[in-house]
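Asker: I have a structure here, written as structure tokens, and I will follow up with some questions on it.
The values are calculated or read from the model by the stated rules, or taken from the named source; none is laboratory data. In this text the structure is predicted, and so the values were computed from the model without any measurement. Note that we place each Cβ from the backbone using ideal geometry, even for glycine, and neighbour counts take in every protein chain shown.
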Amino acid sequence: MKLSNNKILITGGASGIGLGLAERFIKENNTVIICGRRGAALKEIADRFPSIITKACDLSIEADRIDLYNWIAENHNDLNVLVNNAGIQNWMDISDNDFYERANDEITTNVIAPVHLANLFINLKSLNTIINVTSGLAFIPLSKVPIYCATKAFMRSFTLSLRHLLKSTNIEVIEMIPPALNTDLGAKGIHDGHPAVSDFVESVFAQMKEGKSELTFGTSEARANANNDVISDYFNKMNP
Ligand SMILES: NC(=O)c1ccc[n+]([C@@H]2O[C@H](COP(=O)([O-])OP(=O)(O)OC[C@H]3O[C@@H](n4cnc5c(N)ncnc54)[C@H](OP(=O)(O)O)[C@@H]3O)[C@@H](O)[C@H]2O)c1
């Protein structure tokens, strides 16, 4: 994708990877719109970066996803990039009392929402890029976040199909595959000690400049390219 003069919607852009991408895209002279559930977080970002446009919405709610699309179609019908970044990560065990409920939330936010948004946003005439944020855990699961890993494997698979389905259009489909990074995903502190988002963002921007469509960083490169033996080896190390 070209890296400047785009109008970009980044879901979950008020924190972590989404915010890192938003800041970097602004530097490259793009218009950035972010959305998320927490109004206070969106306001804080709008105060820090007055050019960022914000929209409060809960993407786990179907009506909010449709409202978001209609609002963009009415007010920003030159939007050309959708970044499906918003996500949640639930640490849990199959025997937990609320396992099914939390699995349901995770599947709705991490799978149903981006699938629905992709289906809605391809109707925008200006759309030419969809970026799906998956994970190194799409390739080798960590059993403490069992549903999270499965949602990312789903999105990996869906992204491959989507790229193929949109081949005859002018819509490019890019997959960002972060490894563990230092954000508040899952809860504050869980991801401390992992690489900084800014390092990941610098790397994926360089890869996008080269025209790559599968963007890895650090350990996610080996995970994405692992054969069955390597997958089994990693799995045993990650899940002692
Ligand atoms: N950090 C990592 O180690 C890592 C590794 C691989 C992949 N990823 C992926 O990277 C993406 C971003 O995660 P992150 O690490 O940057 O964590 P994060 O800081 O927690 O960001 C997640 C964002 O998603 C938004 N969000 C969650 N549920 C939402 C909903 N129902 N509606 C609208 N927005 C919602 C959150 O905003 P609100 O809470 O305000 O709604 C938040 O801004 C996720 O897809 C994650 O799976 C992260």
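Asker: If only one of Leu117, Leu137 is closer than 24 Å to Ile231 by Cα, within 13 Å of the ligand (Cβ to nearest atom) and aliphatic (A, V, I, L, M), which one is it?
Answerer: Leu137
Asker: Yes or no: region 76-83 includes at least one residue that is under 23 Å from Arg38 (Cα atoms), over 16 Å from the mean Cα position of the chain (by Cα) and surrounded by fewer than 17 Cβ atoms within 10 Å (Cβ to Cβ).
Answerer: No, the conditions are met nowhere in region 76-83.
Asker: Restricting the first residue to region 155-180 and requiring it to be more than 18 Å from Met208 (Cβ to Cβ) and modelled with pLDDT of 95 or more, which pairs with a second residue that is surrounded by 19 or more Cβ atoms within 10 Å (Cβ to Cβ) and aromatic (Phe, Trp, Tyr) meet a Cβ separation below 9 Å and a spacing of at least six or different chains?
Answerer: Taking only residues 6 or more apart or on different chains, the pairs are Arg156/Phe139.
Asker: Given (1) in a loop (DSSP other than H, G, I, E, B); (2) within 13 Å of the ligand (Cβ to nearest atom); (3) of a type in the set (Lys, Arg), identify the lone condition not met by Lys125.
Answerer: Only one criterion is unmet by Lys125, namely (2).
Asker: Evaluate region 33-40: report whether one residue or more is more than 7 Å from the ligand (Cβ to nearest atom) and surrounded by fewer than 20 Cβ atoms within 10 Å (Cβ to Cβ).
Answerer: yes
Asker: A further question follows. Are there any helices (runs of 4 or more DSSP H) wholly within region 135-240 with 2 or more residues that are within 30 Å of Asn6 (Cα to Cα), and if so which?
Answerer: 146-165, 197-209, 219-224
Asker: Next question. Out of the residues in region 150-204 that are farther than 18 Å from Ala86 by Cβ and hydroxyl-bearing (Ser, Thr, Tyr), which is farthest from the ligand (Cβ to nearest atom)?
Answerer: Filtering region 150-204 for residues that are farther than 18 Å from Ala86 by Cβ and hydroxyl-bearing (Ser, Thr, Tyr), the one farthest from the ligand (Cβ to nearest atom) comes out as Ser168.
Asker: Could you check Lys55 against (1) within 15 Å of the ligand (Cβ to nearest atom); (2) out of contact with any Phe, Trp or Tyr (no Cβ under 8 Å at 6 or more places or on another chain); (3) of a type in the set (D, E, K, R) and say which number it fails?
Answerer: If we test Lys55 against (1) within 15 Å of the ligand (Cβ to nearest atom); (2) out of contact with any Phe, Trp or Tyr (no Cβ under 8 Å at 6 or more places or on another chain); (3) of a type in the set (D, E, K, R), just (2) comes out false.
Asker: Count, please, the residues in region 19-40 that happen to be under 20 Å from Trp71 (Cα atoms) and of a type in the set (Gly, Ala, Ser).
Answerer: 3
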